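The values are calculated or read from the model by the stated rules, or taken from the named source; none is laboratory data. Remember, it's a predicted structure, so these values are computed and weren't measured experimentally. In this analysis, Cβ positions are derived from the backbone assuming ideal geometry, glycine residues included, and neighbour counts consider all displayed protein chains.
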Amino acid sequence: MTKRKKQYQHNSPSKPKFRPLTSEQADAYELCWSNHITFLTGPAGCSKSYTAIAFAVDRLLGGCVEQVVFTRPAIEACGENLGFLPGTAVQKVSSYMHPLFDNLNDYAGDMALVVKADLKIEPLAYMRGRTVKNSVLILDEAQNANLSQLKMLLTRIGEGSSFVICGDADQSDIQHSKLMSVASAMSKIDGIGHLHFTSTSAAIRHPLIPHIIEAFDVLSCGGS
């Protein structure tokens, strides 16, 4: 652990530095550092996953953990059916991880390859029975995990680990997503935090996104 920390410090002139674009993003980043488990929820484009990635990269490059773990429910978006995907279970779920890798490449820059050497992808279904130690685990698209899956994952946390659970309940591909109720209930426990981004934070991705979200909210309520 100490050897890795020294290697990162001496061989990483381009080590990334987190620069929050909004006060909510800054609060979310700090919340990750001050809790063992953090729920980051909110609309598309508000930097939930990006902030989680930044925290994970900084923990890894700072020598605080040994690895970063990506996981997510293997559910296709918006009812699409992509058909059979070749390869192992890890290779199959890797196809769904491109958004996390985009954020990793964007944040880590020259250090992305270093981080990827200590990065593992795990299908959510294969986490049962595991104990995740000395890691940062990011569950993305958590709105598509059912109650049993969320309970199973949260009870995998082991010594020296931090979990960040990211999702948008308004973009759930399953009926009756329990993400928000679980986040609310868990945040009452000491060591577990929850931050829900406002729709205006979605402008981090593009200034049009808050307006798009608002227009779809009207449509879903039967407006014209």
Q) Is it fair to say residue 40 is within 23 Å of residue 132 (Cα to Cα), of a type in the set (A, V, I, L, M, F, W, C), modelled with pLDDT of 95 or more and outside any strand (DSSP E or B)? A) no
Does residue 51 count as at pLDDT 90 or above and polar (S, T, N, Q)?
-> yes
Sole miss for residue 190 among (1) under 26 Å from residue 26 (Cα atoms); (2) loosely packed, with under 15 Cβ neighbours inside 10 Å; (3) at pLDDT below 95; (4) acidic (Asp, Glu) is condition (3)
Note on region 133-163: residues outside any loop (DSSP other than H, G, I, E, B), within 16 Å of the chain's Cα centre (by Cα) and of a type in the set (A, V, I, L, M, F, W, C) are 136, 137, 138, 139, 142, 150, 153, 154, 157, 163
Filter region 15-24 for residues that are within 23 Å of residue 63 (Cα to Cα) and surrounded by 14 or more Cβ atoms within 10 Å (Cβ to Cβ); the one that is modelled with the lowest pLDDT is 15
Subset of region 22-37, residues touching a residue at least 40 places away in the same chain (Cβ under 8 Å), of a type outside the set (D, E, K, R) and assigned to a helix (DSSP H, G or I), comes to 25, 28, 31, 32, 34
Considering region 111-132, residues that are outside any helix (DSSP H, G or I) and free of Cβ contacts under 8 Å to residues at least 12 places away in the same chain, and then whichever is nearest to residue 97 (Cα to Cα), we arrive at 117
Exactly one of 99, 86 is modelled with pLDDT under 90 and not in a helix (DSSP H, G or I), and that one is 86
Residue hits (region 170-185; surrounded by fewer than 19 Cβ atoms within 10 Å (Cβ to Cβ) and closer than 13 Å to residue 40 by Cβ) are 180
